Every structure is written in structure tokens, then in C-alpha cells.
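The block underneath contains the structure these notes are about, expressed in C-alpha cells.
The values are calculated or read from the model by the stated rules, or taken from the named source; none is laboratory data. As the structure is a computational prediction, the values presented were derived from the model and not from experiment. Heads up, the Cβs are rebuilt from the backbone with ideal geometry, glycines too, and the neighbour counts pull from every protein chain shown. Note: accessible area is taken over every heavy atom of the protein model, side chains too, but ligands, DNA and RNA are not part of it. Shrake-Rupley method; radii C 1.70, N 1.55, O 1.52, S 1.80 Å.
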Amino acid sequence: MTELRALKIYNTLSGKKEEFHPITPGYIGMYVCGPTVYSDVHLGNCRTFCSFDTIYRHLLHSGYKVRYVRNITDVGHLTDEGEDRMAKGAKVAQLEPMEVAQRYTVGFHDMMRIFNTLPPSIEPRATGHILEQIEMVQQILDRGLAYLSNGSVYFDVPKFATENEGVYGSVSGRILEDLYTETRELKSQEEKRHPADFAIWMKARPQDLMIWNSPWSIGFPGWHLECSAMSTKYLGKTFDIHGGGNDLKFPHHENEVAQNHGACGCKPANYWVHTNMLLLNGKKMSKSDGNTISPTELFTGNSEHTSKAYSPMAVRFFMLQAHYRSTLDITDDGLMAAEKGFLKIMETNRILQSLPVDPRDFDGSETDTDRSILALIQDTFAGMDDDFNTAISIACLNELGSYVHKLVNQQLDASQISPWVLERMKTVFSTFIFDIFGLKDESDSVQDSGTIEGLMSLILDIRGQARDQKDWTTSDKIRDTLSAVGITLKDGKDGVSWAKL
Ligand code: AMP
Ligand code: ZN
């Protein structure tokens, strides 16, 4: 068996970095809150999912067998006005709520593929786990920690807090006296005994579209419940890591902990990992505030916030340059610097991999340069082992890269690096870049780009002629066919431009 790497993880519960000890040595259960599929993911969401992808990749690379569960929220996540987000999306677009969920789930998966993230081991949907959620409501009721009010079931926060000292507030640090739920649930204020109580089952109103039968009423589960029910089902009552963006600490994660304790009598996760926010104009990127850039806008250069298009891997690299617990402000300058950094590290890797390894046997001696390189390799791993510090590991890789450039510029004699050290450098570089950071070499597409440029110029000429002749059928057909293969056209004052996703 591969030796497991020792890791440190910052645990929100203790507010400290802790040595990581999984419940079963060698195995990790990790649950991450997935997207609410009522609209396209924005770049902030992508940052969180890319951060957990890098964490997942590092855990795998550290020798652990990981069951990574990331859900799809397709019911129960209400707007501030108390309307189900899916149903609201459906009404606006005159679709079935499940059509909305399907459309944006597909879009989410496409985007995750573009960012080269690994699929989770299980991706459960809230609507596929209504029975489990009903069962959990019943368990909480049986333990006397919830009450029925006018067909809805509410979690009794003050009773839970009194019986389980120190648990409510353990994720968000909020104290009960300060608590008022952030979501104004359906007609719920007058049905609750305390403002901090939250619905775990909601009785449907006539306009609600996604509803199920239950022992209490026809209705639907509260948003927080799905994650409690699905994490328990797939990872057990207590598992290793629970993750999400730090905007979910309250009320979502706080209430999840309460529900799991309420139903099972124990804490759900030993380590809570929270990613920090991607900012735009100094403010959290958010769908509801309209303060967003979509990844597509960034990849096509179709955004008022950027001067040009950035490739998905340059954007992933931009995110990797910051530690996941730091905020990250998206700016054109920052993206441009990241693009440079990404191209440089890929180029360094190409040069490194092409260097011949002298077949002479390793004679056991180490040069000073060998020792510096080996120390840097250790630091590269240490960065990721210390709470997944991508920023430090990238800095170390760049330092390692400087040896490669010195070699090719003949500032360093090849005899200074022993063959086995060179071989090790090659492995470490490609392991970090491809396996752990999840980057892809985009140079193949760059080589193809000459051909594509030529073909596109021809196609745009034909489309231009069709438009001159007012042949809208041909012109639209060209645009739609290109769009189906991921090429977007933009009609501007300087002519037509195009971008490929
Ligand atoms: P949602 O689809 O709104 O439930 O969000 C999906 C995930 O994206 C959650 O883990 C959020 O915490 C995370 N998220 C939302 N906005 C941002 C942001 N601006 N930066 C980073 N993560 C975010
Ligand atoms: Zn969740």
C-alpha cells in the first residue's frame, strides 16, 4: 500500500489547523454542497468547486481512497421571498421545474468538464431522496426536537441548543440570542415558536409546483435537510470532511449539524472545510445581486470587466494562485498575470520533460544543486500538505523551474543535477500540474488554431455573403451550428468576432 501523506486541515469547528486523522485509516468520506441548479453557474461557484476538486485530487494523490459526494440541489432552496428557486426559474421560462433543473445540471457538468474537474464518486439529487428526508424529519420528531405547526415541521432550535450545549453555533460561531433565520420561509414566521427555528418540512401553498406526500402534509423538504439526509445515506452518521463555500456556514451548515445531531445523536463531520469567496468589484460574486461574471463571458472575452478572452486553464491557474481560504478579487490585471504564469509553467514543464536523462547509474553522491532541488521538492509537497496551500506549491514549482531554465541557458552545468534527481523533478512537475492542480496543456489547441482560424475566416465570409443577400436562414444556421460545437459569434462594430469554448 502507498504510504499515506500526513496532512493538516483547517477545521472551521476549532478555528485551527489540525492534523488530519480519518475515521478509517486510508479512507476518506467527503461531502461538498453542490449547486442549486436554477441558473447558470457563475465564476464564484466555479472557484469553490475547483478548490474542492484540487483538495480531492490531493487527497487521492496522498494515497487515500476517497468517496467524494457532491449533491445537486433541485428542490427546497427558497428565495428571500419564500419561492422555490427551481419553480421560480420554471415560471419565468415557462418550463417544468425538472426541465430547469436538467438544463442547468447539464450546464454545470459542462462547465466542470471545461475546468477539468474530476466527477464526484456520487452526485445525489435532493428530489431523488425525498423518502430519506421524510425519514429524517420523523427521527427528529421522535427525539422531540421538532414540532408540527399547521402542516409544516419546524426544528426546535432553543430546545436543541439547551440539550446539546455548544453544538448550535459550532460552525458559524453565532449565538442563539442573535439568531434570526436568513431565509424568510413560507408564511412561517407566525408558525414558529422561535425566530431561529427553521422548517424541515414545509406544507405546500397552492402555487408550489414541486410537492410530495408526507405524514404531515403535502409539501416539500427544507433546503438544509437534503444534505443531512444524503451525507448520512452515503457516508454514514459521522464522516470525515464536509465542505462548502463560507457563505453556507449560516444558516445552511449550522442547521445541517443540528439536524444530524437531532436525528442521529452525533456530529455529522469531523472536519468542516470552508472556501472563501471570489469577489468582483470588491464584493462577493453573487447571482442574486447581479454582481457576476459567467465563465463563458470570460472565455469568450464577452465581458465588460475584462479586456480579452482567457482560457479555462488560465482561469483555473488564476484561482490556484490564491489559497482557498483567502478571498480572491477577479481583475483583468490579475487574470493577465495568471495567464502569463500558466503559460510559463506549462512551457517549463515541456522543456523539462524533453531533457534527456543521462543513463549513467546513480553513484550515491548528491551535488549541492541536487540537495537544493530535493529540498524544494519537499517544500512543494509540504505546501499542499499544509491545508492545501496551492499558492506555496506553485511558488516552489516556479523555483524548481528556474533550474530548468538555467540548464537550458547553460548557466548550470548538466552534471550538477544527478539523473535520478532530474527524473524526480520530471515526475513532480507533471504530478503537480496535471494530477493535483488539474491543469491541462492547451498547446495542442494552440497548434490547431491556425487551421481553425483559416476555416473560421472562410465560414464567416460565407455567413457575411448570406447576410448581404438577406439570407437569414443560412446565416442563422451557420451561427447555430457553430454554437452547437462551442463556437460563439459576436457581431460588433468592427465586424464579426468568434470564440471557442
Ligand atoms: P449555490 O448554487 O448558490 O448553492 O452555490 C454553490 C456553491 O458556490 C456554494 O458552495 C457557495 O458557497 C459557492 N459560492 C457562491 N458564491 C461564491 C463566490 N462568490 N465565491 C466562491 N464560492 C461561491
Ligand atoms: Zn448542503
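When the Cα positions of Met346, His305, Trp472 are compared along the charge dipole of the chain, Trp472 comes out farthest toward the positive end, with charges on each C-beta of Lys, Arg, Asp and Glu.
Keeping every protein chain present and rolling a 1.4 Å probe, give me the accessible area per residue for region 346-501 in Å².
So region 346-501 comes to 56 Å² accessible per residue, rounded to a whole number.
Note on region 1-130: Kirkwood radius taken over Cα pairs, Stokes-Einstein applied at 4 °C and 1.567 mPa s, translational D equal to 79 µm² s⁻¹. Amide H contacts for Asp197 (H built 1.01 Å from N in the peptide plane; partners 5 or more residues away or on another chain; cut-off under 5 Å): Val157.
In the chain, a dipole from Cβ-located charges (positive for Lys and Arg, negative for Asp and Glu) runs towards its positive end, and of Asn398, Leu376, Gly290 it is Gly290 whose Cα lies farthest in that direction.
For the peptides 41-50, 316-325, what is the packing order when you average, over each peptide's residues, the other Cβ atoms within 10 Å and list the highest mean first? Before the final figure, lay out the partial values.
Working: 41-50: 23.8, 316-325: 21.8.
The packing order, highest mean first, is 41-50, 316-325.
Please give the peptides 211-220, 349-358 ranked by average Cβ packing (other Cβ atoms within 10 Å per residue), highest first, as a rough proxy for protection. Spell out each step's value before the answer.
Values: 211-220: 17.7, 349-358: 14.0.
The packing order, highest mean first, is 211-220, 349-358.
First check a/c for region 345-448, with a ≥ b ≥ c the square roots of the eigenvalues of its C-alpha gyration tensor; if it is under 1.5, answer rounded, and if not, answer prolate when a/b is larger than b/c or oblate otherwise.
Details: a/c = 1.97, a/b = 1.22, b/c = 1.61.
Oblate.
Treating only the Cβ atoms of Lys and Arg (+1) and Asp and Glu (-1) as charged, compute the dipole magnitude of region 35-177 about its Cα centre; round to the nearest 20 debye.
Numbers: 14 positive and 18 negative charges, 127 e Å.
The dipole magnitude comes to about 600 debye.
Remark: region 328-455 carries a charge dipole of roughly 300 debye about the Cα centre, counting +1 on each Lys and Arg Cβ and -1 on each Asp and Glu Cβ. Cα centroids of region 2-28 and region 461-485: how far apart, whole angstrom? Here the two parts' Cα centres lie 56 Å apart. For region 205-338, the solvent-accessible area of protein heavy atoms averages 33 Å² per residue (probe radius 1.4 Å; ligands and nucleic acids excluded). Computed over the chain, the P(r) tail beyond 30 angstrom holds 55 percent of alpha carbon pairs. With Cα atoms defining each centre, region 294-339 and region 58-122 are spaced 22 Å apart in the structure. For Tyr31, the amide hydrogen comes within under 5 Å of the amide hydrogens of Val69, Ile241, His242, Gly243, counting only partners 5 or more places away or on other chains and with H modelled in the peptide plane. Farthest towards the positive end of the charge dipole of the chain, among the residues Leu407, Ser457, Val137, is the Cα of Val137, using unit charges on the Cβ of Lys, Arg, Asp and Glu. Within the accessible area of the chain, what % is carbon and sulfur when the probe is 1.4 Å and the other protein chains stay in place? Exposed carbon and sulfur together represent 50 percent of the surface. The magnitude of the dipole of the chain, with charges of +1 and -1 set on the Cβ of Lys/Arg and Asp/Glu and taken from the Cα centre, is near 580 debye.
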